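S.K.: First, the structure itself, so that you have it in front of you.
The values are calculated or read from the model by the stated rules, or taken from the named source; none is laboratory data. Computed from a predicted structure; not experimentally measured. Note: ideal-geometry Cβ built from the backbone for every residue, glycine included; neighbour counts use all protein chains shown.
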Amino acid sequence: MKIDTELNASAPAVLERANTASLIELAGVTKTYRTGDLAVEVLHGIDLALYPGEFVAIVGASGSGKSTLMNILGCLDRPTTGSYRFMGEDVSSFGRDELARLRREAFGFVFQSYNLIGGATATQNVEIPAIYAGTAPAKRRERAEALLRTLGLADRLEHKPNQLSGGQQQRVSIARALMNGGQIILADEPTGALDSRSGVEVMALLNELSRKGHTVIVITHSQEVAQHAHRVIEIRDGVIVSDPGPGARAGGPIAERPHGHDTRSPLGALVEAAKAAGRALRSNLFRTALTLLGIVIGVGSVIAMLAVGDGAKQAVVDRISGMGTNLLLIRPVAGNRGGMGGSIATMTPDDAEAIAAVPNVLAAVPELGGNVTARFGNMDYQTQATSTSAEFPLARNWPVARGIFFSRADVRSYAPVVVLGTTVVSNLFPDGSDPIGRHVVLNNVLFQVIGVMGDRGASPQGADQDDVVFVPYTTGGLRLFGQRFLRNITVAVDDVARIDETQDAVSKLLEVRHRTADFQIRNMASLLETATATQNTLTILLGSIAAISLLVGGIGVMNIMLVNVTERTREIGVRMATGARMRDIMQQFLTEAMAVSALGGLIGVAGGLGAAALIGALGTPVKFSIFPVALAFGCAFATGLIFGYMPARKAAGLDPVVALASE
């Protein structure tokens with residue numbers, strides 16, 4: 001069996017030193033573990049030199065310290081005291097990311113329990129070290145497949161670990177160790193979990209790697225396995241008790257390329273993190289779906305509630321705007337005239353004529369009204385009658401749909417003419433006949449229909465504004481209501497920007513005319529602002545209530561990600577052992593959290609829009625706009641970032657040795 005030993009990963013700069021020098025040198029290395037106030041020293045002053053191309057076996061019983069020594073040799077752990085030199089450079093003080101670089105570029109690990117990632121295929125498992133080395137996707141896949149074929153796994157490239165035998169999984173582990181070149185192969189009990197035949201095959205592979213020039217270090221308690229090595233070091237109770245020293249090396253050193261900077265682009269690293277996140281999320285679809293549900297409900301609720309709130313606000317604004325935002329509504333109120341029960345019958349058409357002369361007043365329309373019975377043929381209908389002036393359509397921005405509105409001449413001549421609202425037309429003329437030119441009776445007075453008003457819809461208070469008839473205020477006051485005092489005066493201003501100034505002028509005029517403030521002026525522009533502010537408050541309240549669901553969903557994301565970190569601790573250790581830096585681990589788990597939130601956000605947006613559309617179809621006003629959608633989705637994405645940070649930080653902060661030892 002031939003193994004391709006071409007190296008695709010850079011080695012540290014220190015590897016350029018002369019190969020006659022020691023590759024690894026430990027001097028006075030100790031390791032102490034602390035549990036509270038209890039300190040246990042596992043290694044006691046280890047002195048050891050290893051050379052390029054050696055096949056070394058470190059032998060010892062359980063608890064002898066051999067695994068701790070391997071972790072220090074492989075830069076998975078640090079010595080408590082003493083020095084560790086790699087090709088002459090002291091790496092004892094290296095930071096976590098520097099040690100990760102050294103592991104990525106110089107070491108390959110073969111574990112007793114294989115430590116393959118369950119959701120990844122054999123090829124994807126082998127590719128992991130090259131991902132962190134920045135190798136291009138096509139190149140690393142080609143290299144991984146070539147290694148697997150060389151190791152006899154050509155028909156298992158897309159199989160996952162649970163579809164492979166123990167021996168096949170260990171071969172995948174060896175291929176992974178060789179992916180970045182594997183100048184130094186560290187094998188921890190490589191045959192411990194294998195049957196005899198598979199164990200023989202694995203040791204044959206390690207022997208061939210040694211012949212090809214790889215430095216192979218095997219940690220074992222088996223003398224049979226140790227016999228394959230050229231140098232057997234025995235450790236007992238944390239002390240090396242037997243070491244024959246460097247022996248004949250089977251092959252020359254492997255050619256190394258000088259170390260370069262990390263060639264990964266931020267975008268490439270993000271893409272790889274997204275792929276890993278996708279595999280992790282697919283591996284537990286039910287849990288992912290439950291996590292998505294919280295985000296979906298939160299985002300959908302925010303969008304639907306804001307659409308309903310905006311729809312209600314728009315409906316109110318439209319109704320008020322339909323009446324005209326340039327209006328002043330003047331109503332008489334009880335004053336101090338006459339003491340108790342003072343009359344409010346103080347406003348007359350003369351007041352309207354005086355107001356019409358005020359600067360910036362477009363029209364001043366007197367209005368007098370009351371209930372009337374309208375009759376046509378054998379049809380009777382109770383409605384409201386409004387006696388007003390010819391300027392009413394202009395002031396109220398309410399055009400005539402058919403026919404004409406009465407003129408000033410009609411007002412002056414007390415003409416018995418009437419303009420009908422559409423609701424009255426539909427009740428008096430149910431057959432759809434044209435009412436123009438017909439005569440109707442209002443409270444036993446005959447009027448000729450000269451026009452039909454356009455549809456107005458409901459008022460801000462919900463009343464039907466089309467359930468009304470209009471007659472000249474002179475005719476109505478004399479023949480329908482028997483009085484000339486007005487219900488109100490509607491004033492339309494020309495320049496809305498000066499409406500407050502005009503209101504003050506009108507107020508002063510009426511105070512002079514009436515010698516008292518027996519009136520009330522309502523500014524429709526101010527009313528619109530007040531209504532809008534009120535609806536905005538209600539919309540914010542609705543959105544805030546819905547946002548609580550989004551917050552709960554975010555907490556759910558954090559909980560699930562914390563569970564993921566706990567369940568995948570060994571995977572994190574494997575990634576660290578193969579060269580992942582802290583930011584790589586953090587980026588992966590953050591990407592998973594954001595992927596869940598983003599996907600939940602997209603589904604929530606669709607669900608929220610659908611729910612809002614259904615609510616609208618049932619008759620409730622809704623308004624769709626891009627802002628609530630962007631806000632809800634942005635919040636969902638931010639939720640993944642914020643609530644995913646703590647689990648990601650926890651994952652990135654794990655110690656490689658502790659992570660690899662977890663069950």
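S.K.: Checking the structure you have, find out if any residue of segment 624-639 is closer than 25 Å to Gly118 by Cβ, touching a helix residue (DSSP H, G or I) at 6+ places or on another chain (Cβ under 6 Å) and in the same structural domain as Ile560 (by TED's automatic domain parsing).
M.R.: no
Let's see how each residue does on (1) modelled with pLDDT under 85; (2) part of a helix (DSSP H, G or I); (3) among the hydrophobic types (A, V, I, L, M, F, W, C):
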{"position": "Ile540", "(1), (2), (3)": "yes, yes, yes"}
{"position": "Ile545", "(1), (2), (3)": "yes, yes, yes"}
{"position": "Ile555", "(1), (2), (3)": "yes, yes, yes"}
{"position": "Arg570", "(1), (2), (3)": "no, yes, no"}
{"position": "Ala606", "(1), (2), (3)": "no, yes, yes"}
{"position": "Gly634", "(1), (2), (3)": "yes, yes, no"}
{"position": "Ile642", "(1), (2), (3)": "yes, yes, yes"}
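S.K.: Same structure, new question: Tell me whether segment 101-122 contains one or more residues that are at pLDDT 90 or above and surrounded by fewer than 19 Cβ atoms within 10 Å (Cβ to Cβ).
M.R.: Checked against the condition, which is being at pLDDT 90 or above and surrounded by fewer than 19 Cβ atoms within 10 Å (Cβ to Cβ), segment 101-122 yields no hits at all.
S.K.: Looking at Leu641, Leu602, Leu660 in this structure, which one is under 30 Å from Gly95 (Cα atoms) and within 14 Å of the chain's Cα centre (by Cα)?
M.R.: Among Leu641, Leu602, Leu660, only Leu641 is under 30 Å from Gly95 (Cα atoms) and within 14 Å of the chain's Cα centre (by Cα).
S.K.: Being of a type outside the set (Gly, Ala, Ser), exposed (fewer than 13 other Cβ atoms within 10 Å of the Cβ) and over 16 Å from Ser64 (Cα atoms) is the filter here, so list the residues in segment 32-51 that pass it.
M.R.: Within segment 32-51, Arg34, Thr35, Asp37, Leu38 qualify.
S.K.: Is it true that Leu148 is at pLDDT 90 or above, in the same structural domain as Phe109 (by TED's automatic domain parsing) and either at positive phi or assigned to a helix (DSSP H, G or I) (or both)?
M.R.: Yes; evaluated as a whole, the condition is true for this residue.
S.K.: Any residue in segment 377-384 that is crowded, with 21+ Cβ neighbours inside 10 Å, out of contact with any helix residue (DSSP H, G or I) (no Cβ under 7 Å at 6 or more places or on another chain) and modelled with pLDDT under 95?
M.R.: no
S.K.: Here's a check for you: in segment 28-80, which residue that is of a type in the set (Ser, Thr, Tyr) and in contact with a His (Cβ under 9 Å, 6 or more places away or on another chain) is modelled with the highest pLDDT?
M.R.: Going through the qualifying residues, I end up with Thr30.
S.K.: Which residues, taken from segment 160-171, are farther than 23 Å from His221 by Cα and touching a Leu at 6+ places or on another chain (Cβ under 6 Å)?
M.R.: Pro161
S.K.: Then there's this: Those residues that are touching a residue at least 12 places away in the same chain (Cβ under 8 Å), of a type outside the set (Ser, Thr, Tyr) and not in a strand (DSSP E or B), I need them from segment 413-433; list them, please.
M.R.: Of everything in segment 413-433, those that are touching a residue at least 12 places away in the same chain (Cβ under 8 Å), of a type outside the set (Ser, Thr, Tyr) and not in a strand (DSSP E or B) turn out to be Ala415, Pro416, Gly421, Val424, Val425, Asn427, Leu428, Phe429, Pro430.
S.K.: Sticking with this structure for a sec: Could you list, in sequence order, the residues of segment 581-619 that are among the β-branched types (Val, Ile, Thr) and under 14 Å from Gly294 (Cα atoms)?
M.R.: Passing the criteria: Val596, Ile603, Val605.
S.K.: Of all the helices (runs of 4 or more DSSP H) wholly in segment 348-412, which have at least 1 residues that are among the aromatic types (Phe, Trp, Tyr)?
M.R.: It comes to 392-396.
S.K.: Here's a follow-up. Which residues, taken from segment 428-439, are surrounded by fewer than 18 Cβ atoms within 10 Å (Cβ to Cβ) and on the phi < 0 side of the Ramachandran plot?
M.R.: Scanning segment 428-439 gives Pro430, Asp431, Ser433, Asp434, Ile436, Arg438, His439.
S.K.: Determine which member of the set Ala144, Ala136, Ala130 is crowded, with 22+ Cβ neighbours inside 10 Å, of a type in the set (A, V, I, L, M) and more than 29 Å from Lys66 (Cα to Cα).
M.R.: Just one listed residue meets the conditions, Ala144.
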